[in-house]
């Protein structure tokens, strides 16, 4: 989805009421009905599951739109937890209004589907490195996912405006926070990324891709 297409979609959603969500607030839990379509105005939301050994964060961080679109088409039960990881604000649109929008804008409907399947394909591609790879494979794979979803070129650098704390990154890939910190430091020493607060910048995208690959 190009920036112009994203802004067009955001403009449409801005006609509808928005809701502010405080940091760490739980938005949905398993069993809740997602009756409307949600679009992020600002902030970040994580989606996760719970197991006896703890939480498993999935690597989708602006998921409300995509998941609510899935529910729009399928009416499936929600089995996930959604939590704001920053102060956030979302537009909320009734399903029928969204359906009318898609019917009147078939090109935008195609763009949304392309965006959805592109994100899904990137997610599945990265799972090999995240599930089967070494610690550095896992870190590189999840950073690539964030680059794909949130990367923006600024002054010739690839900047990812995402609160990528080591705790959040660790929860995405099943590593301890300490191990994650060590591997992130390695990437910085190699000159592949550098971090500033919760933002990270990719200096060498090709090297990051190489590290995400599993060598047999």
Can you spot a residue in region 92-104 that is touching a residue at least 40 places away in the same chain (Cβ under 8 Å) and under 25 Å from residue 50 (Cβ atoms)? no
State yes or no: is residue 34 closer than 18 Å to residue 99 by Cα, surrounded by 14 or more Cβ atoms within 10 Å (Cβ to Cβ), touching a strand residue (DSSP E or B) at 6+ places or on another chain (Cβ under 9 Å) and at pLDDT 85 or above? yes
Residues (closer than 21 Å to residue 113 by Cβ and in contact with a strand residue (DSSP E or B) (Cβ under 8 Å, 6 or more places away or on another chain)) located in region 49-70: 58, 60, 61, 62, 63, 64, 65, 67, 68, 69
Could you look through region 94-137, keep only residues that are outside any helix (DSSP H, G or I) and surrounded by 13 or more Cβ atoms within 10 Å (Cβ to Cβ), and pick out the one that is modelled with the lowest pLDDT? 133
Residues that are in a helix (DSSP H, G or I), surrounded by 13 or more Cβ atoms within 10 Å (Cβ to Cβ) and in contact (Cβ under 8 Å) with a residue 24 or more places away in the chain: does region 38-49 have at least one? no
Take the conditions in a loop (DSSP other than H, G, I, E, B) and over 23 Å from residue 149 (Cα atoms) and apply them to residue 15. Does it pass? yes
For region 157-181, give me the residue count where each residue is in a helix (DSSP H, G or I) and either in contact with a helix residue (DSSP H, G or I) (Cβ under 8 Å, 6 or more places away or on another chain) or in contact (Cβ under 8 Å) with a residue 12 or more places away in the chain (or both). 12
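The values are calculated or read from the model by the stated rules, or taken from the named source; none is laboratory data. Everything numeric here is computed off the predicted structure, so don't read it as measured data. Here the Cβ is made from the backbone with ideal geometry for all residues, glycine too, and neighbour counts use every protein chain on show.
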